[in-house]
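**Q** Below you'll find the structure I mean.
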Ligand SMILES: Nc1ncnc2c1ncn2[C@@H]1O[C@H](COP(=O)(O)OP(=O)(O)OP(=O)(O)O)[C@@H](O)[C@H]1O
Ligand SMILES: Nc1ncnc2c1ncn2[C@@H]1O[C@H](COP(=O)(O)OP(=O)(O)OP(=O)(O)O)[C@@H](O)[C@H]1O
Ligand SMILES: [Mg+2]
Ligand SMILES: [Mg+2]
């Protein structure tokens, strides 16, 4: 056992993020850490990497009690991590990004104590070679694609010969092929005797790569064991503390008239020749790798991105969008992919968030009308079963899933004809996920047209009536439910192939 | 509730203003009462309607500009060029006066000049998305530069009496037109910020400009309008200042921008955006004005006053932070 | 009876010239007895700052104000308001255009102009050469009057050998004045003399001359304080400079202000104002009066006076 | 890099243009003057750049300069035998303390830098007044050695220029070859990521403001010696010129971007304009206007093309992309 922790506690003001962190890592084994959103996984990681100092608890390295006062100390002890958040300096070079924080210094001579740039380049090159990555060392990181950035982060973690490697949701932004590469690397490290902690919300990955598991709930340890001796249902039950029903509650709904018709939508640099039609009662899925340009298309439909060509027709009338205001007025709603920065105004109350896009409609355009606003907000918060004491609660006091419900509620309140959901379940735990899916089914049942953008194959396949696959800004295939749902394994392979252009 | 999901890192953003808002205004009000009481004790001349009326003249122009400046800072922008806008507006008023334009024309020219200067700031900062602090440092030099190039070593003093009388005009005994206008503007700004849809949108933009844009608000246009409004009010202030001193020099109102920003920040408007009230700003205006006047009555040099303001500002921002640190963990 | 309160409102605090004026003011107050002198001024030399202080003085209901103004026009309205409230306002040194009972000129403007031109000629010698003027702010009343007088003098035949090549403004800031002086050396390589009718400018110009190794080539003259100029006189950067005694000026201004509170004087032309040890002022048709001729300092007497101001 | 070249070309072109109108401009003497005049601006701009790199701003530098200059001048007056080095060290030390106060507020109390330094700007300026009792200390009150020191020459260049060269060297080496220097870029580029790679934000911010104060303090002592006067309003408004030099030199107010070369060029540009106008006999009133216009031009040129466009579409053919 290389690293073991017990009874770790950490609070942020009133929030007890971690109440009883317990974990042990063994050389040459991959341990999966699972738990709902906010279970305290990342907090535990940050304690292990010296970013946070625990309020209480013990940490033993090779059996000896120790504590990390800074990230450097943790690194020196042989612990490396790829964090959940992107840790990237866009204006620095690839080489410096890899070595940031532990720039190599000249050890002797008159330059003693100064940064040794030659050694830095050599170090960076060596670790990139080990990863089999072909990246220009002097390129600015801001100019890299998201997958390349990920390689840089990985390189940073592997730069030192660590004995412990922590990966906090490393696959969230990776394509299938890149995930395969990642697995290969993990197995190689495992063979070298590295102890690995792997955090993910995706069970198929956990069963693919992990040897052991640790489950956390509400900041506390729940259970641990060997992966071989458990299954998904058991894990989910431990995570949420109860049993779960079906994950994708797809209901069949009669499909009506075309609502949104898009023809030849183009943008100079982001997407080209996108055409499709969504009908009332239909869920149209958009699948692709992260960075395929789906969000850009949706943002153009919502008037956020100006287009260079193409036509948009809503319920038969053609639209000229000069901004989201026009789109909202026409009956288009867009639930953006990044809830915290694009979706909600966190420090504002639930009510103020929900009524923001339709203040004019509720109030007549001038004076605020707190009562009327409250009524609207309450109606939608109820309908979505937002868990909060009242609608005065600030959104940043809600859990991620509830925040997402508020954002969806805000867009439903505009009474749209089409609602675009961009990665509506990204980073949301199983329980909240199921509720969002359930709700999606309700929406189409009411005759709305829904566009679902998702990078999770099971999700699009489970929910969509039709799927359009995009690759590098261009649509590259359209599949009906019959085509992909009849044989899920075959359908998944087909969609993945289309998305990667293989 | 068991699961709270906050930002993954401790919020580096500055939210003290938001949390402390209510208490902040109370504190300002208490301080104001203390200052008034102290002044009346220390100087027999303080509680004299004539004197108080005169005292308002010292800060009314700055106070007017503090109102739109507060809105700008609430939406995360700033305008450092306001005093230079005043100089430019005063210049054009002066040139027009020399050309024989009448009083209504002069007022209109002052307002229009301010508006145009504000629009330029807005076009660069909001339109092109350049950082407003840099843009307005640039226009600060530019506007005052134009004024000094045109005026050189000259001063314009040929103002018609009807125009200079604007400053002395009283709407009711002891209340000058200018001061009444400030009070009216403050009421309007307070209503707009706290009682209308526009105000709610300004806070939304200040708290999260991206989410605001994604919610259908026209962030760039709103900011442009605020810059223009700030320019317009600076033009209005220039009209009154010019009328009051009857003279335009290149260094007119120099250094006022910092005093105005100080009023706004002391009033509890957070420089990080999204927090602050007009009530707080108005209280800060009176607090600073009355403290300054009181010290003037005691013949304390003005710089001692600005030293105290500096110290007060530092204490004001530090205390909530310190309090938050010292508060025992685990209790909100 | 209550003490008579007289305020001396100067261009800015910290200026050595006005500190000396204050000494004179205190002397007059002591001499007259029963007079309290309030010495005040803004930190930066602006008219707005002076207006605020005027308001404060009006509010205190002082009996008289003697002001040296940063702007001749901007202070007029507030001076008139002071008069309406029964306060006697006079200006000294740098005057205000109207609304005051008396403008006390430290000396006669044409005398000052002539003196400076004469000193410049004495410094450069008979063959003459190029001279430049380094002034304070472009709006300073007294500066501009003196410059106009100097130009008049230069037009006369006895000064025809001097050629005025430029007038620059140092804004009464040490660094700006210094740079302007440097600029003059470069633009006019044949420059022989700089006339700086300002105590800040003359020091900066003399320092620039010394720093550039131009002692003996370019001479600085103008109006300055012996205490600040003694080093430069000894080094030779300045042969002679002039000033009226600021202590006397402060004394006279305070004394005159007190005289006005007595009620007989109205500021009409021809009125005589007794001012203690400085004799009597006669008000001219412009409402002005001159105190004394400027006094010249050179290396023989500068040390003696440097102790005082 | 391309930007620096452009600015250098503009400076050179302007110099030639001025030299054509007024040949004295292109002499060694003028070069010497510009270098001497720009030395303080350069040092202050470099220090300001460190602050701006961390997404901050220090508006109090001119006030710190005035305070430390006054402190050095008063000490020199009280102890006429005090060696020059001691007075300079005094300026440096006092400035360091004032800067550290700013730093403590920014780094540990997390108050926005603009608020802290706006407040301390009034505070330090007022403290200068209180320290001196409003008096001016003029050159004859200071030790002769102190007064002469900034413009005395060593190997043909004034001490001021040597100080500036030293500052440039230190800034260059510090930003390129020290961990602290690199942390500034990392922190300014992405503060939360910096935390993950083990950069202590508190220490970085605190140090940067302390350095800014120390440099301002040293410059204060030099300023006072140079101009032979210490007074409350010394260098009033200098902070805006310093920030302008940074902006013109391409230092991004959003943090993380800026080079020593750019900053130096920005300072030289402003210094040159300041020197050229009197020489060309252009009214000094133009100076403000020109620097305003140049600041605006510089921000527009330096405009970050946001990350709005990701350029997802691959060019249809390779040759198209190469063009
Ligand atoms: N810096 C912080 N300040 C305040 N609260 C925090 C902070 N970091 C985390 N929390 C809270 O602590 C709890 C645990 O967060 P943590 O990030 O560890 O969850 P997680 O298990 O990694 O979740 P996810 O699966 O969403 O990544 C959450 O309620 C979160 O809101
Ligand atoms: N080069 C990059 N550097 C950093 N982040 C990137 C990069 N490319 C994409 N991203 C991020 O990845 C996410 C998805 O990118 P993008 O919107 O381009 O792809 P998409 O296929 O439309 O998105 P999604 O599948 O997430 O809906 C976004 O949050 C974006 O900011
Ligand atoms: Mg996490
Ligand atoms: Mg996207």
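The values are calculated or read from the model by the stated rules, or taken from the named source; none is laboratory data. None of the values given here were measured: they were computed from a predicted structure. Please note: Cβ atoms are built from the backbone with ideal geometry, for glycine as well, and neighbour counts cover all protein chains shown.
**Q** Residue C:143 is checked against (1) modelled with pLDDT of 90 or more; (2) closer than 24 Å to residue B:156 by Cα; (3) in a helix (DSSP H, G or I) and fails just one. What number does that condition carry?
**A** Here residue C:143 clears every test but (1).
**Q** When residues of the stretch D:245-293 are filtered for being under 16 Å from residue D:6 (Cβ atoms) and within 14 Å of chain C (Cβ to nearest Cβ), how many remain?
**A** 1
**Q** Within the stretch A:458-487, can you find the residues that are more than 19 Å from residue A:440 (Cβ to Cβ) and in a helix (DSSP H, G or I)?
**A** Those that are more than 19 Å from residue A:440 (Cβ to Cβ) and in a helix (DSSP H, G or I): A:482, A:483.
**Q** For the stretch C:64-86, what are the residues that are more than 24 Å from residue C:43 (Cα to Cα) and outside any helix (DSSP H, G or I)?
**A** The answer is C:85, C:86.
**Q** Which residue is farthest from the chain's Cα centre (by Cα), if the candidates are limited to the stretch A:309-347 and must be without any contact (Cβ under 8 Å) to a residue 24 or more places away in the chain and under 14 Å from residue A:453 (Cβ atoms)?
**A** Once the filter is applied, the top-ranked residue is A:342.
**Q** For residue A:171, which of the numbered conditions (1) closer than 22 Å to residue A:496 by Cβ; (2) within 16 Å of ligand 3 (Cβ to nearest atom); (3) in contact with a strand residue (DSSP E or B) (Cβ under 8 Å, 6 or more places away or on another chain) fails to hold?
**A** In the conditions (1) closer than 22 Å to residue A:496 by Cβ; (2) within 16 Å of ligand 3 (Cβ to nearest atom); (3) in contact with a strand residue (DSSP E or B) (Cβ under 8 Å, 6 or more places away or on another chain), residue A:171 misses (3) alone.
**Q** Filter the stretch A:281-293 down to residues that are more than 12 Å from ligand 4 (Cβ to nearest atom) and not in a loop (DSSP other than H, G, I, E, B) and give me whichever is farthest from the other protein chains (Cβ to nearest Cβ).
**A** A:283
For (1) within 16 Å of ligand 2 (Cβ to nearest atom); (2) in a loop (DSSP other than H, G, I, E, B), each residue gets a yes or a no:
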residue	(1), (2)
A:371	no, no
A:380	no, no
A:401	no, no
A:406	no, no
A:411	no, no
A:414	no, yes
A:425	yes, yes
A:437	no, no
A:444	no, no
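**Q** Among A:355, A:414, which is away from ligand 3 (no atom under 16 Å from the Cβ), over 26 Å from residue A:456 (Cα atoms), in contact (Cβ under 8 Å) with a residue 60 or more places away in the chain and touching a helix residue (DSSP H, G or I) at 6+ places or on another chain (Cβ under 7 Å)?
**A** A:414
**Q** Let me ask another. Could you count how many residues in the stretch A:143-189 are modelled with pLDDT of 80 or more and not in a loop (DSSP other than H, G, I, E, B)?
**A** Of the residues in that region, 28 qualify.
**Q** If a residue must be within 18 Å of residue D:164 (Cα to Cα) and either surrounded by fewer than 24 Cβ atoms within 10 Å (Cβ to Cβ) or within 9 Å of the chain's Cα centre (by Cα) (or both), how many such residues does the stretch D:245-259 contain?
**A** Here the count works out to 3.
**Q** Residue C:217 versus (1) away from every other protein chain (no Cβ under 11 Å); (2) surrounded by 19 or more Cβ atoms within 10 Å (Cβ to Cβ); (3) part of a loop (DSSP other than H, G, I, E, B): which is the lone unmet condition?
**A** With (1) away from every other protein chain (no Cβ under 11 Å); (2) surrounded by 19 or more Cβ atoms within 10 Å (Cβ to Cβ); (3) part of a loop (DSSP other than H, G, I, E, B) applied to residue C:217, the lone miss is (2).
**Q** Take residue A:69 and tell me if it is free of Cβ contacts under 8 Å to residues at least 24 places away in the same chain, away from ligand 1 (no atom under 15 Å from the Cβ), within 11 Å of chain D (Cβ to nearest Cβ) and under 24 Å from residue B:324 (Cβ atoms).
**A** yes
**Q** Please work out if residue D:195 is modelled with pLDDT under 90 and more than 14 Å from chain C (Cβ to nearest Cβ).
**A** Answer is yes for this residue.
**Q** Being free of Cβ contacts under 8 Å to residues at least 40 places away in the same chain and in contact with a strand residue (DSSP E or B) (Cβ under 7 Å, 6 or more places away or on another chain) is the filter here, so list the residues in the stretch C:203-219 that pass it.
**A** Answer for the stretch C:203-219, where residues must be free of Cβ contacts under 8 Å to residues at least 40 places away in the same chain and in contact with a strand residue (DSSP E or B) (Cβ under 7 Å, 6 or more places away or on another chain): C:203, C:206, C:209, C:218.
**Q** For residue A:52, work out the one condition from (1) closer than 17 Å to residue A:221 by Cβ; (2) within 14 Å of chain D (Cβ to nearest Cβ) it doesn't fulfil.
**A** Just one mismatch for residue A:52, condition (1).
**Q** Right, another one. Return the only residue of B:135, B:101, B:149, B:107 being in a helix (DSSP H, G or I) and either in contact with a strand residue (DSSP E or B) (Cβ under 6 Å, 6 or more places away or on another chain) or away from chain D (no Cβ under 14 Å) (or both).
**A** Details: B:135 fails: either in contact with a strand residue (DSSP E or B) (Cβ under 6 Å, 6 or more places away or on another chain) or away from chain D (no Cβ under 14 Å) (or both); B:101 fails: in a helix (DSSP H, G or I); B:149 fails: either in contact with a strand residue (DSSP E or B) (Cβ under 6 Å, 6 or more places away or on another chain) or away from chain D (no Cβ under 14 Å) (or both).
It is B:107.
**Q** Still on this structure: With the structure loaded, tell me whether residue A:296 is within 12 Å of ligand 2 (Cβ to nearest atom), part of a loop (DSSP other than H, G, I, E, B) and crowded, with 19+ Cβ neighbours inside 10 Å or whether it fails that test.
**A** no
**Q** Quick one: count up the residues across the stretch A:90-132 that are assigned to a helix (DSSP H, G or I), more than 8 Å from chain D (Cβ to nearest Cβ) and in contact (Cβ under 8 Å) with a residue 12 or more places away in the chain.
**A** Final tally of qualifying residues: 15.
**Q** Being over 20 Å from residue C:143 (Cα atoms) and either in contact with a helix residue (DSSP H, G or I) (Cβ under 7 Å, 6 or more places away or on another chain) or not in a strand (DSSP E or B) (or both) narrows it down to one residue among C:249, C:184, C:265, C:164; which is it?
**A** Selected residue: C:265, the only one of C:249, C:184, C:265, C:164 that is over 20 Å from residue C:143 (Cα atoms) and either in contact with a helix residue (DSSP H, G or I) (Cβ under 7 Å, 6 or more places away or on another chain) or not in a strand (DSSP E or B) (or both).
**Q** Follow-up question, since we're still on this one. Restricting the search to the stretch A:198-230, which residues are within 16 Å of ligand 1 (Cβ to nearest atom) and within 19 Å of the chain's Cα centre (by Cα)?
**A** Scanning the stretch A:198-230 gives A:198, A:199, A:200, A:201, A:202, A:203, A:205, A:206.
**Q** Would you tally the residues in the stretch B:50-75 being more than 11 Å from chain C (Cβ to nearest Cβ) and in a helix (DSSP H, G or I)?
**A** Keep residues of the stretch B:50-75 that are more than 11 Å from chain C (Cβ to nearest Cβ), which gives B:60, B:63-75.
From the residues that got through so far, the ones that are in a helix (DSSP H, G or I) too are B:60, B:63-74.
Selection size over the stretch B:50-75: 13.
**Q** Of all residues in the stretch B:161-204, how many are farther than 27 Å from residue B:75 by Cα, touching a helix residue (DSSP H, G or I) at 6+ places or on another chain (Cβ under 7 Å), in a helix (DSSP H, G or I) and free of Cβ contacts under 8 Å to residues at least 40 places away in the same chain?
**A** Total meeting the criteria: 1.
**Q** Hey, does the stretch A:74-89 have a residue that's over 30 Å from residue A:143 (Cβ atoms), away from ligand 1 (no atom under 13 Å from the Cβ) and assigned to a helix (DSSP H, G or I)? Walk me through it before giving the result.
**A** First pass over the stretch A:74-89, keeping only residues over 30 Å from residue A:143 (Cβ atoms): A:74, A:76-79.
Restricting the remaining residues to those that are away from ligand 1 (no atom under 13 Å from the Cβ) gives A:74, A:76-79.
Subsequent filtering for residues that are assigned to a helix (DSSP H, G or I) retains A:74, A:76.
For the stretch A:74-89, residues over 30 Å from residue A:143 (Cβ atoms), away from ligand 1 (no atom under 13 Å from the Cβ) and assigned to a helix (DSSP H, G or I): present.
**Q** Given the criteria away from chain B (no Cβ under 11 Å), touching a strand residue (DSSP E or B) at 6+ places or on another chain (Cβ under 8 Å) and either at pLDDT 90 or above or surrounded by fewer than 24 Cβ atoms within 10 Å (Cβ to Cβ) (or both), does residue C:35 qualify?
**A** So residue C:35 passes the test.
**Q** Go over the candidates A:41, A:10 one by one and state the one that is at negative phi, within 13 Å of ligand 3 (Cβ to nearest atom) and away from chain D (no Cβ under 11 Å).
**A** A:41
**Q** Here are the criteria: (1) assigned to a helix (DSSP H, G or I); (2) modelled with pLDDT under 85. Tell me which single one residue C:43 does not satisfy.
**A** Failed condition: (1).
**Q** In the stretch A:382-399, how many are out of contact with any helix residue (DSSP H, G or I) (no Cβ under 6 Å at 6 or more places or on another chain), in a helix (DSSP H, G or I) and either crowded, with 19+ Cβ neighbours inside 10 Å or away from chain B (no Cβ under 12 Å) (or both)?
**A** 3
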